[in-house]
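Taking it in order: structure first as structure tokens, then the write-up.
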Amino acid sequence: MSQLKPEPIGRTALAVEITNRLRQMILEGQLQPGEKINEKLLTTQFGVSRTPLREALKVLAAEGLLELIPHRGAVITRQSEAELAEVFQVLAALEALAGELAALNATEAEIARIATMTAELRRSYDETDRPTYFRINQAIHKAILHAAKNESLAKSHELLAYRVQRARYQANLTPERWRAAVEEHEAIANALATRDAANCATLMKNHLLRKFASISAQ
């Protein structure tokens, strides 16, 4: 496990802050699949006790990013290509529905906000800022789901999205795929702006399937 500079965390919302930091370490590959979490090292690096750390581990286990194994501790999960393929197929269908419903139900303010975030996404790509890109990317997908105005859809999507967020973060590793992903987002924003529900659904579905294809090719 790569060493972090000691950076004590403030006492406010310790478990949440630790969860966010550990999640980012997993997404960025600082913690590798199959690697055991060294609780003693992390408590020292974060300047916290084991209680908030273990609370964070439970959250990440619920998200599917790690497993809590009796007598062994927390281990970063491994995901097979078959498992990812199944989840991405379902997610692609859900996002297609989200795109269709958002084009029909989104307010003008919601569409404008998604357009603004898409411009920010382009800027983060131009600046090669992957953490910001991933954060904005997630925000756009959440905004589209919210604009779809379907709570059952949003909840179903959230449950599955946790299982593939590491793969999604690492999917745009090549310059070609990253550029294509930005262009796909711009096409989605345009489809929303023109209220083209069918096209938006197709674009959203293909965006997810291409992302999985890029993962499979790695």
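Taking 0.36 nm per residue of sequence separation and removing the Cα-Cα distance, the Glu176/Leu41 pair yields an extension gain of 44.8 nm. Each label point was placed 7 Å from the Cα along the Cα-to-Cβ direction; for Glu108 and Ser49 their separation is 5.5 nm. For the chain, the solvent-accessible area with a 1.4 angstrom probe is 51 square angstrom per residue. For the stretch 75-135, with all protein chains in place and a probe radius of 1.4 Å, 53% of the accessible heavy-atom surface sits on carbon or sulfur. Compared with the dominant principal axis of the Cα atoms in the chain, helix 108-126 is inclined by about 60°. Between Thr128 and Gln30, the FRET efficiency estimated from the beta carbon spacing at R0 = 22 angstrom works out to 0.75. Charges were assigned to the Cβ only: +1 to each Lys and Arg, -1 to each Asp and Glu. The resulting dipole of the chain about its Cα centre is roughly 680 debye. Amide H to amide H, with H built 1.01 Å from N, Ala74 comes under 5 Å of Ile37, Ile69, counting only residues 5 or more places away or on other chains. For the pair Leu160 and Arg195, a Förster radius of 41 Å applied to the C-beta separation gives a FRET efficiency near 0.90, rounded to the nearest 0.05. Is the shape of the stretch 26-122 best called rounded, prolate or oblate, per the rule: a/c under 1.5 gives rounded, else a/b larger than b/c gives prolate, else oblate, with a ≥ b ≥ c the square roots of the Cα gyration tensor eigenvalues? It comes out prolate by the Cα gyration axes. Counting heavy atoms of the protein chains alone, Val59 has an accessible area of about 60 Å² for a 1.4 Å probe.
Each helix, a run of at least 4 DSSP H residues, gives -39500 (n - 2.57); summed and divided by the residues of the chain, these come to -24000 deg cm²/dmol at 222 nm.
Listed values (i) 77; (ii) 40; (iii) 54 include one computed from this model; for percent of Cα pairs over 22 Å apart that value carries the label (iii).
The values are calculated or read from the model by the stated rules, or taken from the named source; none is laboratory data. Just so you know, these numbers come straight off a predicted model, no measurement behind them. Methodologically, a virtual Cβ is constructed for each residue, glycine included, from the backbone with ideal geometry; neighbour enumeration extends over all protein chains shown. Heads up: the accessible areas ignore ligands, DNA and RNA and are worked out on the full protein's heavy atoms, side chains in. Shrake-Rupley method; radii C 1.70, N 1.55, O 1.52, S 1.80 Å.
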